[in-house]
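Peer 1: The following block contains the structure, expressed as structure tokens.
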Amino acid sequence: MSTVTLTYDGKNYEYPVVEGSEGEKGIVISNLRSQTGLITLDPGYGNTGSCQSSVCFIDGDRGILRYRGYPIEQVAERARFTEVCYLLIYGKRPSVDELKDFRIKMNRHTLLHEDMKKFYEGYPPGAHPMAIMAAMFASLSSFYKETEETLDLNIARILAKSKTLAAFAYKKSIGQPLVYPRNDLSWPANFLRMMFAVPAEDYEVNPVLEDALNLLLILHADHEQNCSTSTMRMVGSSGANLFASISAAICGLWGPLHGGANQSVIEMLEAIQADGGNYKHFLDEVKDGKSKIRLMGFGHRVYKNFDPRAKVLKQTCDRVFAELGINDPLLDLAKNIEEYALHDEYFVKRKLYPNVDFYSGIIYRAMGIPTEMFTVMFTLGRLPGWIAHWMEQRRDPDNRIHRPRQIYTGETEREFEDRGTKHLPTGR
Ligand code: ACO
């Protein structure tokens, strides 16, 4: 076993190097503080491995993403979302019978407890659906107990009910009656129907959109220790239940630097369009650094090469638009920006390429999904990944509560003088 030697204060300390199945190496520093009194400082955790995991492999320099060893391009072409959920959560491809059983289970649990419908009534108009989703997931824990015996059932409930929760949030926001699930439909078709059907009219799910949504869900299903997944593991490490941990992960995903980026991409493209479409002027502002504007949908902490998901999505975008006969000026604008940025020194030097969010929003738009729902769509896709990581951690006998340290930079000890403020009258 190779080791790393740390020399500090005249002494040498040896730390083992652990190697993953794809040759990734890390120094095991679990004894660092007890032996040396030192901790490591790594803001943003760019060099810190928080766990060992077998769910997903990414090589950002080579643009590789694999789920349980299977390349994302093959999974995206050959699987349906339900099979990917099983693969990620249970660690193996299901047999055909296992898959059928899993599908039946996931279809059977789509209904919400009728009492949960009342929760939707309490939100003000314009409430962000991510706020509703986070609250609804935490609320599910009050309806379904978590024990070792109910865990599998709860997983099926989460995957099945998530689309109903999301579609109800949308229907509520536009004031339309809720549309109940129809369990003979596939996961994406059932969701699209609950989103867009109205009781007064017939609704046929467009197979092009059903396929595109299936693909989007698969492409978002896992991405190792990103901000929301790390949140999931962080909260789960305390023993919090699956529903509560997901609620926390949803909040982690919401921000514009993570899952909220797909919404920001469309808002950015619309703003450029409204300003006359002069994307070169916009990119000049991004590059001068003073404005602090970022080209949303570009750059990634891990990918310093093409995000493989963005490649698949760009092709899907072209297919969906051609098959639906849609002509969206924002798609042309996005393509022009991509072309320009890929040849511009600023972006090339910093290895900034389009990420999954650059094209996903444009496809959601073509489906009729409103911008505010984009991050909810990401949530629906990412659920199996979050659950897989939470389960992996729960099953790990070495799981410890996550509790990082810090380097304190505040005041050293000083006296809190008694100024009599404790006895000031309360109120005005
Ligand atoms: N536009 C312009 N410049 C950028 C961008 C961008 N989108 N992303 C990074 N840079 C620049 C930074 O200004 C910095 O330049 P400098 O070295 O001159 O200071 C350099 O590239 C490195 O950037 P960091 O912020 O250090 O990169 P980090 O790995 O911390 O950030 C992140 C990654 C947050 C994704 C970033 O690229 C970004 O903000 N992108 C836009 C938001 C986005 O699309 N997020 C979605 C990510 S994918 C996902 O969550 C599914």
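Peer 1: Tally up the residues in region 144-158 that are part of a loop (DSSP other than H, G, I, E, B) and touching a Leu at 6+ places or on another chain (Cβ under 7 Å), please.
Peer 2: Of the residues in region 144-158, the ones part of a loop (DSSP other than H, G, I, E, B) are 144-150.
After this cut, where a residue has to be touching a Leu at 6+ places or on another chain (Cβ under 7 Å) as well, the list is 146.
Residues in region 144-158 being part of a loop (DSSP other than H, G, I, E, B) and touching a Leu at 6+ places or on another chain (Cβ under 7 Å): 1 in total.
Peer 1: Within region 213-244, work out how many residues are away from the ligand (no atom under 16 Å from the Cβ) and in contact with a Ser or Thr (Cβ under 6 Å, 6 or more places away or on another chain).
Peer 2: The initial filter retains those residues of region 213-244 that are away from the ligand (no atom under 16 Å from the Cβ), namely 213-214, 233-244.
From what is left, the residues that are in contact with a Ser or Thr (Cβ under 6 Å, 6 or more places away or on another chain) are 235-236, 241, 243-244.
Counting residues in region 213-244 that are away from the ligand (no atom under 16 Å from the Cβ) and in contact with a Ser or Thr (Cβ under 6 Å, 6 or more places away or on another chain) gives 5.
Peer 1: Separate question: For region 292-326, which positions are charged (D, E, K, R) and in a helix (DSSP H, G or I)?
Peer 2: Listed by number, the residues that qualify are ARG309, LYS311, LYS314, ASP318, ARG319, GLU323.
Peer 1: Can you find even one residue in region 174-186 that is farther than 28 Å from ALA310 by Cα and in a helix (DSSP H, G or I)?
Peer 2: Scanning region 174-186, I find at least one residue that is farther than 28 Å from ALA310 by Cα and in a helix (DSSP H, G or I), so the answer is yes.
Peer 1: Sticking with this structure for a sec: Checking LYS287 against (1) in contact (Cβ under 8 Å) with a residue 24 or more places away in the chain; (2) more than 9 Å from the ligand (Cβ to nearest atom); (3) more than 25 Å from GLU73 (Cβ to Cβ), which test does it fail?
Peer 2: (2)
Peer 1: Somewhere in region 353-373, is a residue touching a Ser or Thr at 6+ places or on another chain (Cβ under 7 Å) and crowded, with 16+ Cβ neighbours inside 10 Å?
Peer 2: So the first thing to find is which residues in region 353-373 are touching a Ser or Thr at 6+ places or on another chain (Cβ under 7 Å), and the list is 363.
Restricting the remaining residues to those that are crowded, with 16+ Cβ neighbours inside 10 Å gives 363.
Yes - at least one qualifying residue is present in region 353-373.
Peer 1: Kindly indicate which of ILE362, ILE401, ILE326 is out of contact with any His (no Cβ under 6 Å at 6 or more places or on another chain) and either under 30 Å from ARG33 (Cα atoms) or in the same structural domain as THR40 (by TED's automatic domain parsing) (or both). Steps first, please.
Peer 2: Numbers: ILE362 fails: either under 30 Å from ARG33 (Cα atoms) or in the same structural domain as THR40 (by TED's automatic domain parsing) (or both); ILE326 fails: either under 30 Å from ARG33 (Cα atoms) or in the same structural domain as THR40 (by TED's automatic domain parsing) (or both).
Going through ILE362, ILE401, ILE326 in turn, the sole match is ILE401.
Peer 1: Across region 290-307, which residue is nearest to LYS351 (Cα to Cα) among those that are more than 6 Å from the ligand (Cβ to nearest atom) and surrounded by 22 or more Cβ atoms within 10 Å (Cβ to Cβ)?
Peer 2: Taking region 290-307 first, the residues more than 6 Å from the ligand (Cβ to nearest atom) are 290-293, 302-307.
Now drop any that are not surrounded by 22 or more Cβ atoms within 10 Å (Cβ to Cβ), which leaves 303, 307.
Working: TYR303: 8, ASP307: 11 Å.
The selected residue is TYR303.
Peer 1: OK, next. Out of LEU313, LEU330, report the one residue that is touching a residue at least 60 places away in the same chain (Cβ under 8 Å) and surrounded by fewer than 20 Cβ atoms within 10 Å (Cβ to Cβ).
Peer 2: Working: LEU313 fails: surrounded by fewer than 20 Cβ atoms within 10 Å (Cβ to Cβ).
Of the residues listed, the single one that is touching a residue at least 60 places away in the same chain (Cβ under 8 Å) and surrounded by fewer than 20 Cβ atoms within 10 Å (Cβ to Cβ) is LEU330.
Peer 1: Working carefully through the options ASP42, ASP97, ASP61, find the one that is acidic (Asp, Glu), over 30 Å from ALA138 (Cβ atoms) and modelled with pLDDT under 95. Break it down into steps so the answer makes sense when it comes.
Peer 2: Working: ASP42 fails: modelled with pLDDT under 95; ASP97 fails: modelled with pLDDT under 95.
Of ASP42, ASP97, ASP61, the one residue that is acidic (Asp, Glu), over 30 Å from ALA138 (Cβ atoms) and modelled with pLDDT under 95 is ASP61.
Peer 1: When both residues are 6+ apart or on different chains and their Cβ atoms are under 6 Å apart, which pairs have a first residue that lies in region 335-357 and is assigned by TED's automatic domain parsing to the domain that holds LYS287 and under 18 Å from TYR303 (Cα atoms), and a second that is more than 9 Å from the ligand (Cβ to nearest atom) and among the hydrophobic types (A, V, I, L, M, F, W, C)?
Peer 2: From residues that are assigned by TED's automatic domain parsing to the domain that holds LYS287 and under 18 Å from TYR303 (Cα atoms), the pairs are TYR353/PHE306; PRO354/ALA310; ASN355/ALA310; VAL356/ALA310.
Peer 1: Ok, one more. Can you tell me which condition ASP344 does not meet? The list is (1) within 14 Å of the ligand (Cβ to nearest atom); (2) acidic (Asp, Glu); (3) within 30 Å of ALA248 (Cα to Cα), and all the others hold.
Peer 2: ASP344 satisfies all of (1) within 14 Å of the ligand (Cβ to nearest atom); (2) acidic (Asp, Glu); (3) within 30 Å of ALA248 (Cα to Cα) except (3).
The values are calculated or read from the model by the stated rules, or taken from the named source; none is laboratory data. Quantities reported herein were computed from a predicted structural model and do not represent experimental measurements. Please note: Cβ atoms are built from the backbone with ideal geometry, for glycine as well, and neighbour counts cover all protein chains shown.
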